[in-house]
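No value in this document is a laboratory result; all are computed from the given coordinates. Note that this is a predicted model, so its numbers are computed, not measured. No Cβ is skipped: glycine too gets one built from the backbone with ideal geometry, and neighbour counts run over all protein chains shown.
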Ligand SMILES: Nc1ncnc2c1ncn2[C@@H]1O[C@H](COP(=O)(O)OP(=O)(O)OP(=O)(O)O)[C@@H](O)[C@H]1O
Ligand SMILES: [Mg+2]
């Protein structure tokens, strides 16, 4: 990518709103094992991208690399056209809510917030519908409520890139759909770029502009989802897409010999 | 009063029944002359002795002296243990530098130091403070170290990625995460504090509860000896209650401490 292209990115996402993200040939190893292989990914400002894939394929690792929690061995990571993510613009929401048990709900949301913005914490807590639980200890909340607090804690920093690592994995079906609607609403009003890791193909299709499939550390599918929002899960188009993605995941086009697929979107980098 | 209520009060009183029964039996046995008052004076006589001692103010003077020693020794040893535990828990380098030596010293029972301490400090105040401080130091040190090391790394990672570092990370995440373990150390050492002080005071002192009992022994005043023993029990219980109060306050977020 040349300098000009970077600048266009930076201009396209001025100050507020989502951040642009691009990964070029990211490699990551744990010891001998290669966990991420040659990851290329370009995400436009404000885009909602879902990452799916089997357990252990490297989804969390990818997210942690983007969040700056993990180093990588080769490649480059650009955030709004500048190398290295600005950590105050990126927030990650972990699969386990990771609330501090010794801080009350509101103090958890306000973690790391400058004192003069403490009131924002209450605003965001109201947005996720938990204002009246602000003085409770996290231990007193249900799993879904804890996740909502964790979401509020991430959002209060007005991140331009929000990374979600299976945030709804542990929730029941009804609460999941509620949380999905909440996340979609917040994404639409705040305009951040969102990267959601999920096991649930339906969830990916319901929320994302693009669904990226990772297999064995490499991106093997990058599917645009053009359904109008809000997306009804019952629709025929929805069902067709879901079926296609599921088939793709269950029957990879690799030969029995185990030759890896070439990344489908390798042209995307140019 | 409802049936439920009566039942509850009964439950509350039940644990007090055996000691009460024992005291009554003891009183009867003493009055009947089955127990020599040199061996075990009647409860009533002990109560009278306690009353006389406290009316003259002598008792309170000894209690005050002993309490001051216990608290001063605890403050010195406890804060040293806390600070060193925080230091070695936080910094690998300091751990490598200090931990082996501390582990070696830990294997010496504090009371084994008594002859040496008497040689160093005589039967001075400093001797007792030193013994209590040494005894209290290790439980606090070990539990602080362990507490810091066992703070959930996932929480630390989260806090760092939310912009916390340095003192704020320490105050908001590491210290609170270690509190439960530190308080276990405090509770343990509060018990140890009295044990060590009792021994130190009976061996060498010119005031304090230990001195009072040893003095009484020389004059065969078994009742006063027993008053001293009961006092130690009460003070130990009081110290434990205080430590538990700290737990209830500092760990009020913890599901295990919520009523
Ligand atoms: N700290 C680590 N040290 C060594 N290997 C690791 C480490 N973290 C992850 N791995 C390995 O990297 C691979 C990818 O892990 P990752 O957590 O990214 O998977 P995932 O796609 O998020 O799986 P899941 O859907 O189960 O969360 C796995 O094989 C895992 O064993
Ligand atoms: Mg994962």
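Quick check: the angle from helix B:209-218's long axis to the longest principal axis of chain B, C-alpha only, nearest 10 degrees?
Helix B:209-218 sits at roughly 30 degrees to that axis.
Round to a whole angstrom and tell me the spacing of the C-alpha centers of the range A:49-110 and the range B:141-188.
22
What distance in nm separates the simple spin-label points at residue A:189 and residue A:34, each placed 7 Å from Cα in the Cβ direction?
Roughly 4.5 nm, to one decimal.
Rounded to the nearest 500 deg cm²/dmol, what is the calculated helix-only ellipticity per residue at 222 nm for chain B, with -39500 (n - 2.57) per DSSP H run of length n ≥ 4?
-26000 deg cm²/dmol
Just checking the output field for A:151-159: average partner chain Cβ neighbours within 10 Å of each residue's Cβ?
1
Quick one: A:118, B:211, B:162, fewest Cβ neighbours within 10 Å first, how do they rank?
Arranged by neighbour count, lowest to highest, A:118, B:211, B:162 become A:118, B:211, B:162.
How would you order A:165-173, A:233-241, A:195-203 from highest to lowest mean count of nearby Cβ atoms within 10 Å?
In descending order of packing, they fall as A:195-203, A:165-173, A:233-241.
Using only the alpha carbons, work out the radius of gyration and Dmax of the range A:33-76 in angstrom.
Spelled out, the Cα radius of gyration and Dmax of the range A:33-76 are 11.1, 33 Å.
Over chain A, what is the relative contact order in percent, taking alpha-carbon pairs closer than 8 angstrom and at least six residues apart? Working shown, then result.
Details: 488 pairs, mean separation 66.0, N = 270.
Value for chain A: 24 percent.
Normalised radius of gyration for the range B:92-166, please: alpha carbon Rg relative to 2.2 N^0.38 Å, two decimal places. Kindly include the intermediate steps, with their values, before the conclusion.
On the way: Rg = 18.2 Å, N = 75, 2.2 N^0.38 = 11.3 Å.
Relative to the 2.2 N^0.38 Å estimate, the range B:92-166 comes out at 1.60.
Provide a whole-number value for the mean count of partner chain Cβ atoms within 10 Å of the Cβ atoms in peptide B:162-169.
Counting Cβ atoms of other protein chains within 10 Å of each residue's Cβ and averaging gives 3.
Could you tell me what a quarter of the Cα convex hull surface of the protein assembly as shown works out to, in nm² with one decimal place?
Here the figure is 37.9 nm², rounded to one decimal.
Using a simple spin-label model with points 7 Å from Cα along the Cα→Cβ vector, what separation in nm is obtained for residue B:29 and residue B:206?
Roughly 4.0 nm, to one decimal.
Determine, at each q value in 0.14, 0.21 (inverse angstroms), the log₁₀ of I(q)/I(0) that the Debye formula gives when each Cα of the range B:57-192 is one equal point scatterer.
Rounded to two decimals, the profile gives -0.71, -1.20.
Just for chain A, what percent of DSSP beta bridges are antiparallel, to the closest 5?
Details: 20 of 37 bridges.
Restricted to chain A, the bridges split so that about 55 percent are antiparallel.
Using 0.36 nm per residue, how much length does the chain from residue B:156 to residue B:246 gain when fully extended, once their Cα-Cα distance is taken away?
29.9 nm
What are the extents of the Cα atoms of the range B:211-259 along their three principal axes, in Å, largest first?
53, 16, 9
Could you tell me the distance between the Cα centroids of the range B:52-82 and the range A:210-238, to the nearest Å?
72
Please check which bits of the range B:211-239 a label hung off residue B:113 would reach, taking the label as a point 7 Å along Cα-to-C-beta and the cut-off as backbone N under 16 Å.
Within reach of a label on residue B:113: no residues.
Just round it to a whole percent: the fraction of Cα-Cα distances in chain A exceeding 31 Å.
Distances greater than 31 Å cover 27 percent of the Cα pairs.
Please report, for the Cα atoms of the range B:1-120, the Rg to one decimal and the Dmax as a whole number; what are they, in angstrom?
Rg and Dmax of the range B:1-120, Cα atoms, are 24.7, 69 Å.
Where the eigenvalues come from the Cα gyration tensor of the range A:51-125, what are the semi-axes √(5λ) of the equivalent ellipsoid, largest first, in whole Å?
Rounded to whole Å, the semi-axes are 29, 18, 10.
What FRET efficiency would be calculated for the residue pair residue B:195, residue B:165, taking the C-beta separation as r and a Förster radius of 56 Å, to the nearest 0.05? Don't jump to the answer; show the numbers that get you there.
On the way: r = 42 Å, r/R0 = 0.75.
Computed FRET efficiency for residue B:195 and residue B:165 comes out at 0.85.
Tell me the label-point distance for the pair residue B:79, residue B:124, using the 7 Å Cα-to-Cβ offset, in nm and rounded to one decimal.
2.0
Restricting to DSSP H runs of at least four residues, report the calculated mean residue ellipticity at 222 nm for chain A, -39500 (n - 2.57) per run over all residues, nearest 500 deg cm²/dmol.
The helix contribution divided over chain A gives -9500 deg cm²/dmol.
Rg over Rh of the range A:71-180, using C-alpha atoms and the Kirkwood radius, what does it come to?
Answer for the range A:71-180: 1.01.
Evaluate E = 1/(1 + (r/R0)^6) for residue A:233 and residue B:6, where r is the Cβ-Cβ distance and R0 equals 60 Å; express this FRET efficiency to the nearest 0.05.
Once the sixth-power term is evaluated, E becomes 0.55.
Using only alpha carbons, build the gyration tensor for the range A:144-193 and give me the equivalent ellipsoid semi-axes, biggest first, whole Å.
Square roots of five times the eigenvalues give 18, 11, 9 Å.
Tell me, what is the percent relative contact order of the range A:105-171, built from C-alpha pairs under 8 Å that lie six or more residues apart?
Over the range A:105-171, the number comes to 40 percent.
Counting pairs of alpha carbon atoms under 8 Å apart in space and at least six apart in sequence, what relative contact order in percent does the range B:155-259 give? Please report the intermediate quantities before stating the final value.
Numbers: 63 pairs, mean separation 25.7, N = 105.
25 percent.
Find the eigenvalues of the gyration tensor of the Cα atoms of chain B, then list the square roots of 5 times those eigenvalues as equivalent ellipsoid semi-axes, largest first, in whole angstrom.
Semi-axes from the Cα gyration tensor: 42, 28, 13 Å.
Give me Rg/Rg_expected for the range B:114-259, where Rg uses Cα atoms only and Rg_expected = 2.2 N^0.38 Å with N residues. Each step should come with its number before you reach the end.
Working: Rg = 20.5 Å, N = 146, 2.2 N^0.38 = 14.6 Å.
The range B:114-259 yields a ratio of 1.40.
Measuring from centroid to centroid over Cα atoms, what is the spacing of the range A:120-168 and the range B:213-230 in Å?
Rounded to whole Å, the Cα centres lie 63 Å apart.
Let me confirm one metric for peptide B:151-158, namely the mean number of other chain beta-carbon atoms within 10 Å of its residues' beta-carbons. Walk me through the intermediate numbers first.
Numbers: counts 0, 4, 0, 3, 5, 1, 6, 13.
Averaged over the peptide's residues, the number is 4.
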